[in-house]
1. Tally up the residues in region 48-83 that are crowded, with 20+ Cβ neighbours inside 10 Å, under 12 Å from H98 (Cβ atoms) and of a type in the set (V, I, T), please.
2. Does K241 meet the test of being closer than 16 Å to G198 by Cβ and not in a strand (DSSP E or B)?
3. Looking at region 370-382 only, could you name the residues that are among the β-branched types (V, I, T) and part of a loop (DSSP other than H, G, I, E, B)?
4. Condition (residue is touching a Gly at 6+ places or on another chain (Cβ under 6 Å) and open to solvent by less than 10 Å² (accessible area, probe 1.4 Å)) applied to region 277-291: is it met by at least one residue?
5. Across region 84-109, which residue is nearest to S35 (Cα to Cα) among those that are surrounded by 13 or more Cβ atoms within 10 Å (Cβ to Cβ) and of a type in the set (V, I, T)?
6. Which of the strands (runs of 3 or more DSSP E) contained wholly in region 29-138 include at least 2 residues that are closer than 30 Å to V154 by Cα?
7. If we keep just the residues of region 328-369 that are assigned to a loop (DSSP other than H, G, I, E, B) and touching a Leu at 6+ places or on another chain (Cβ under 9 Å), which is nearest to M405 (Cα to Cα)?
8. Which members of region 244-253 meet the condition of being surrounded by 16 or more Cβ atoms within 10 Å (Cβ to Cβ) and not in a loop (DSSP other than H, G, I, E, B)?
Amino acid sequence: MKRKYMGLVSRLVFFILLLPLLAACGEDEYRANVSELRLVSISPSNVYAGDIATILGRNFSLVPEENLVYIGETPAEVIEAAKDEIKIIMPVVEPGKHNIRVRTASGDLTGLEVNYLKTPDHEYLVQTVVGRKGVPDYVDGMGTEATTKLPSGVAFAPDGSIWFTDRGWNAVRRISPTLEVTTIGKYDLGGSALWQGGFNSKGEYYFIDKAKGMLRKVNADGTATTVADGMKSPMNVAFDKDDNMYVSARDNKAIYRFTPDGAKSVYAALDYPPNYCTFDRNGRLIVGINGYVLLEVAADGSARVICGDGVKHSEYYDGEPGNPLTAHIGPTFGVCAAADGSLYYADQRYHVIRRIVPGADGDYAKGTVETVMGTGKGGFADGIGLKAQFNAPYEMIMTDDCRTMYVAEAVNYVIRRVSIK
């Protein structure tokens, strides 16, 4: 018993003697950890040459010149420095993703990545022309004196005006060329949700009542007639050259085709829930989905992905030039086919407008994606291109000369006009 007791005492003494050594080791390890260079993040992560970016981390020098930063192999100028962050001016490098290297007295580390955006080919001036941000009232009037609630769809009328669906009030309204807003009619059937609409070649206007599963037509006297029903979450309607109508029915995962007489058929059964469809200038049906790719549907109903990698990401990425399938895109309620052959894409997730320029053979899947408007964060601000802010933009339309675009922005309760130079 005494021997056992003495053994316990010996082990206890040994442990007590060991404690300072263990503590010293822990302290040394802690000192090493807190004194080493560490990189945490860069903001923004999508940049242009000349932008100012902030790198967060640990153990930077307080003297800006003692922090050496490289974008790939190109040095960046450090303009401000603190222990846990440095600000740099982004140098000129090629579009695409580049590694960031930081070298200080605390260490030399490569551990972050930044994406350089392609400089847009055009200048995009964004201006609010109807409604007021955050004011969901119902008032007809001139320009921003008029108010709306959830404007979701826009369409050019034959007389040069613009008709839009005001979902919050279940109304179809008109914007004159002088920006006077008037009401065509209110079409609430009790629990309706007007989504988007458009004109056929005869100047007849059709619109979607999403909640009721209906395709409806506005008559000459301002009343509305139901053309088709029984669909699950129809979203928009598009027309071909023969005035056949194509409805993207999201919860049916289908594009339905209706003849001018109203005969219905399934044009395409899809693996994805479609939010939007439109024809480009070559008669190809482009389909935006409630997901992370953009589709092109052939005449036989088969679909192929032309943009997007199909994955939900935290930040947008325009992808590799010539390979739009590497781009990070979000769901959409609007795709605009421009007369110059490009597509514009209203990205709901990233709050931006993207442009897809097809490859030399006209194939969108071999083209280039460029973000041309929006900061990547939801908000509201008029301005030029990437300085303007959107909040989940919806449908877009563009004039034939590609000089003017209109964007329905439901969440901000406004309609924006974009002048393109």
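1. Adding up the residues that qualify gives 2.
2. Spelling it out, K241 is indeed closer than 16 Å to G198 by Cβ and not in a strand (DSSP E or B).
3. If we filter region 370-382 for residues that are among the β-branched types (V, I, T), which is where we start, we get 371-372, 375.
The answer is T375, and nothing else.
4. no
5. T104
6. Passing ranges, in order: 124-130.
7. This residue is T332.
8. Pass one, region 244-253, residues surrounded by 16 or more Cβ atoms within 10 Å (Cβ to Cβ): 244-250, 252-253.
Selection gives M245, Y246, V247, S248, A249, R250, N252.
The values are calculated or read from the model by the stated rules, or taken from the named source; none is laboratory data. Nothing here was measured: the structure is a model prediction, and the numbers come from that model. For neighbour counting, all protein chains shown are included, and Cβ atoms are generated from backbone atoms with ideal geometry for every residue, glycine included. For the accessible areas, the whole protein counts, side chains as well, though only heavy atoms, and no ligand, DNA or RNA atoms are used. Shrake-Rupley method; radii C 1.70, N 1.55, O 1.52, S 1.80 Å.
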